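Undergrad: Here you go, one structure.
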Amino acid sequence: MGKKRVIQQSGQAVTESAEKAPASSSAPMPSSKRRFQEGVVHIQATYNNTIISISDMRGNVLAWSSSGALGFKGSKKATPYAAARVAEVVTEKVKKSGMQDVAIYVKGVGSGRESAIRSIINHGLQAMIIKDITPLPHNGPRACKPRRV
C-alpha cells in the first residue's frame with residue numbers, strides 16, 4: 001500500500017503515493033527485457049532426462065527447461081522426441097530477447113543429443129560452434145578387486 005503524502009500545488013491538495021516514481025523524471029526507465037544477440041546453449045542429455053539451458057555470454061541463464069518439466073514421465077523423458085520439444089520451448093523463450101547466434105555445448109550420452117541440436121537450429125538460432133564436453137575419465141580411481149567364485 002505505501003505511505004501517502006500531501007503535496008501542495010497552487011493552493012490545491014493532491015495526494016500521491018510514495019511508492020510511485022515521478023512521471024517527469026529525466027532518466028529513462030530501464031527496460032525489463034534485455035536484448036542479446038549471442039548466447040550459449042548447454043544440453044545435458046542423460047539416460048533418464050534431457051536438460052537444456054540458454055545463457056548470455058557472461059553465463060547468466062536466460063531460459064531453461066527439461067523433458068520432465070514439460071510433462072514427460074518415466075522412460076519417455078529420455079526420448080529424442082522429448083528432447084526436441086524441450087529445445088523448441090527454450091528456443092521460443094529466448095527468441096523474444098532477440099538472440100540469433102549461439103554456441104552449443106553438449107554433455108552426456110543420452111539419445112536426445114542429436115534431436116535437440118537439430119531442433120535448436122531449425123527454430124531459427126544460428127549455431128556458431130557445436131562442441132561435445134562430455135567428461136571422460138583418464139583412467140580414474142582403482143577398479144574393484146575381481147570376484148572369486
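The values are calculated or read from the model by the stated rules, or taken from the named source; none is laboratory data. It should be emphasised that the depicted structure is a prediction, and the values quoted were computed from it without experimental measurement. Positions of Cβ are generated from backbone atoms using ideal geometry, with glycine treated the same way; all protein chains shown enter the neighbour counts. Just the protein is used for accessible areas: all its heavy atoms, side chains included, with ligands, DNA and RNA removed. Shrake-Rupley method; radii C 1.70, N 1.55, O 1.52, S 1.80 Å.
Undergrad: Amide H to amide H under 5 Å from residue 63: which residues, 5+ apart in sequence or cross-chain, H placed 1.01 Å off N in plane?
TA: Excluding prolines and chain starts, which carry no amide H, the hits are 54.
Undergrad: Give the Rg (one decimal place) followed by the Dmax (whole number) of segment 51-149, computed from C-alpha coordinates and expressed in Å.
TA: Final numbers for Rg and Dmax: 16.9, 63 Å.
Undergrad: Separate question: Taking the Cα atoms of segment 35-101 alone, what are Rg (to one decimal) and Dmax (as a whole number) in Å?
TA: 12.1, 37
Undergrad: Another one. Which far-off residues, 5 or more places away or on another chain, put their amide H under 5 Å from the one on residue 132, with H placed in the peptide plane?
TA: It is 106, by chain and number.
Undergrad: Could you check the spin-label model distance between residue 46 and residue 73? Points 7 Å from the Cα along Cα→Cβ, value in nm.
TA: 2.0
Undergrad: Quick one: which residues, 5 or more positions from residue 39 or on another chain, have an amide H under 5 Å from its amide H? H modelled 1.01 Å from N in the peptide plane, none for Pro or chain starts.
TA: Placed amide hydrogens put 101, 102, 103 under 5 Å from residue 39.
Undergrad: With +1 on the Cβ of every Lys and Arg and -1 on the Cβ of every Asp and Glu, and nothing else charged, how large is the dipole of segment 74-149 about its Cα centre, in debye rounded to the nearest 20?
TA: Values: 14 positive and 5 negative charges, 130 e Å.
Charge dipole of segment 74-149: 620 debye, to the nearest 20.
Undergrad: In terms of solvent-accessible area of protein heavy atoms at a 1.4 angstrom probe, what is the ranking of 114, 38, highest value first? Intermediate results must be reported in sequence, preceding the final value.
TA: On the way: 114 105, 38 80 Å².
Putting 114, 38 in descending order of accessible area: 114, 38.
Undergrad: Still on this structure, I have one more. Using a 1.4 Å probe and counting only protein heavy atoms, arrange 62, 136 so the residue with the most accessible area comes first. Can you show the working numbers first?
TA: Values: 62 70, 136 130 Å².
Heavy-atom accessible area, descending, gives 136, 62.
Undergrad: With a 1.4 Å probe and all protein chains in place, put 47, 81 in order of accessible area, largest first.
TA: Working: 47 175, 81 135 Å².
Order by accessible area, largest first: 47, 81.
Undergrad: Using alpha-carbon pairs under 8 Å, 6+ residues apart, how would you state the relative contact order of segment 95-149 in percent? Please report the intermediate quantities before stating the final value.
TA: On the way: 42 pairs, mean separation 24.4, N = 55.
Relative CO of segment 95-149 lands at 44 percent.
Undergrad: Kindly report the accessible area of segment 36-149 per residue (heavy atoms of protein chains, probe 1.4 Å, no ligands, DNA or RNA), in Å². Working shown, then result.
TA: Working: 7390 Å² over 114 residues.
With the other protein chains kept in place, segment 36-149 gives 65 Å² per residue.
Undergrad: Quick check: residue separation of residue 133 and residue 145 times 0.36 nm, minus the Cα distance between them. What number comes out in nm? Provide the component values of the computation, followed by the final result.
TA: Working: separation 12, 0.36 × 12 = 4.32 nm, distance 3.07 nm.
Stretched out fully, the residue 133 to residue 145 stretch lengthens by 1.2 nm.
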